Amino acid sequence: MSRIYNFAAGPAILPVPVLEQASREMLDWHGCGTSVMEMSHRGKEFIGIAAAAEADLRELLGIPANYKVLFLQGGATLQFAAIPMNLLRGKKSADYVNTGEWSKKAIKEAKRYGAVNVAASSEDKNFTYAPKQATWKLDPDAAYVHVCTNETIGGVEFNWVPDTGNVPLVADMSSHILSRPVDVAKYGLIYAGAQKNIGPAGLTIVIVRDDLIGQTLSVTPTVLDYKAQAESDSMLNTPATYGIYIAGLVFQWLKQLGGLPKIAQMNQAKANVLYDYLDQTEFYYSPVEKDDRSLMNVPFRLRNEQLNDEFLKQAKQRGMVELKGHRAVGGMRASIYNAMPIEGVKALVDFMHEFQAKNG
Ligand SMILES: *Cc1c(COP(=O)(O)O)cnc(C)c1O
């Protein structure tokens, strides 16, 4: 068996110990004689798996008791609609900060349900920075303020928490949730698709303060009603059972590593290896402003774009894949989520160095 270094943005790399445990438990989970995939979601075994996953996530993130944790489906994309449906609460509009491709998609979808005020944008510089809070034009009557705290495609990350006063802050954390500690109490709602930094595609996590739920638009499908989902422990209908199980194993892996403070240190060390190299070469560069660079998704470019295809080809020959940047921005992108070992980042930098030596 050989494993490659997978720099995909999502679905993405998962921790090897988690995959090994899942494979050991595949045919017979804890003496049940069935896999988790084959279990009833109403049975005591699966209810136990889901409850443990929620408890471990609560512990890792320090989620206060007045927040609900929901295990849903439909991806972060469905949340782009579910959020206005649940959180407009009779108000006319919501504030959105536009920092890139995922913010734009969230804005476009929200406009179907209410008015959107774009409170700040980094479009003027091609989404290469996070706009400073002083430039935001917030509406005190907004239902909520939506931010994508890590733009997966542009590689822009907020390393500070916006202050939105009494207006609830809503964050799409799909691509950096669990990469570092978060003060959940500063947010009204946090959501994330699992396939970036948690587990397999098909599971979406929503963490929402309980006073914000229960006032949906009348058109809201029941499965998108956070209150209805909370009251049925996210089992209003069949949940993404296998995804919840794998996510639970990832949470245990993170706890064994030492929790989020520890993984944050490891992520910083990994990102430093790559950014330090990018900053000391003329051959490659990072398009993102230094203060706002993502520790999870690292876009970079070759000054000579004609070498892009050759770069990707040779990287693949060396067992490093999915380095092509998103079509919206071009160039390269290395996603270095929690499960990427530092050896993978070092191998990438070694290759980049050699490629430069041959072609520079
Ligand atoms: C991947 C991603 C999405 C979309 O997720 P889906 O699960 O495919 O709907 C939304 N926001 C961010 C920040 C992402 O990285």
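The trypsin sites (Lys or Arg not before Pro) of the stretch 300-360 meeting both criteria, a DSSP state outside H, G, I, E and B (loop) and at most 12 other C-beta atoms within 10 angstrom of the site's C-beta, are ARG303, ARG327. Of the beta bridges DSSP finds with both residues in the chain, what % are antiparallel, to the nearest 5? So the antiparallel bridges in the chain amount to around 55 percent.
For the stretch 1-90, applying the loop criterion from DSSP together with a ceiling of 16 other beta carbons within 10 Å to the GluC sites (Glu not before Pro) yields GLU25. Residues with beta-carbon under 15 Å from that of GLN195, excluding GLN195: net charge, scoring Lys, Arg +1 and Asp, Glu -1? Net charge in that neighbourhood comes out at -1. The charge dipole of the stretch 259-359, taken about the Cα centre with unit charges on the Cβ atoms of Lys, Arg (+1) and Asp, Glu (-1), comes to about 280 debye, rounded to the nearest 20. Excluding same-chain neighbours fewer than eight residues apart, the lysines reachable from LYS358 by a Cα-Cα span under 18 Å are LYS313, LYS316. Can you classify the chain as rounded, prolate or oblate using the Cα gyration tensor, where a ≥ b ≥ c are the square roots of its eigenvalues, rounded means a/c under 1.5, and otherwise it's prolate if a/b beats b/c and oblate if not? Verdict is oblate for the chain. Relative contact order of the stretch 108-187, taken over Cα pairs closer than 8 Å and 6 or more residues apart, is 25 percent. Of the residues GLY48, ASN6, GLN356, the one whose Cα sits farthest towards the positive end of the charge dipole of the chain is GLN356 (charges of +1 on Lys and Arg Cβ, -1 on Asp and Glu Cβ, taken about the Cα centre). Helical runs assigned H by DSSP (4 residues or longer) give the chain a calculated mean residue ellipticity at 222 nm of -11000 deg cm²/dmol, each run adding -39500 (n - 2.57) before division by the residue total.
Largest first and in whole Å, the equivalent-ellipsoid semi-axes of the stretch 1-94 read 32, 21, 14, each the square root of five times a Cα gyration tensor eigenvalue.
Peptide packing: for 175-187, 126-138, the average count of neighbouring Cβ atoms within 10 Å per residue gives the ranking 175-187, 126-138, highest mean first.
A simple charge model with +1 on the Cβ of Lys and Arg, -1 on the Cβ of Asp and Glu and nothing else charged puts the dipole of the chain at about 400 debye relative to its Cα centre.
Checking the Cα-Cα distances for LYS92/LYS227; LYS68/LYS196; LYS105/LYS132; LYS290/LYS324; LYS91/LYS132; LYS44/LYS262 against a 24 Å cut-off, the pairs over it are LYS91/LYS132; LYS44/LYS262.
Rounded, prolate or oblate: which fits the stretch 100-148 when a ≥ b ≥ c are the square roots of the eigenvalues of the alpha-carbon gyration tensor, with rounded for a/c under 1.5 and prolate only if a/b beats b/c? Oblate.
Read the figures in this text as sums done on the coordinates, not as results from a lab. In this text, all values refer to a predicted model and were calculated from it rather than measured experimentally. Because the Cβ atoms are built from the backbone with ideal geometry, glycine has one as well, and the counts that use them run over all protein chains shown.
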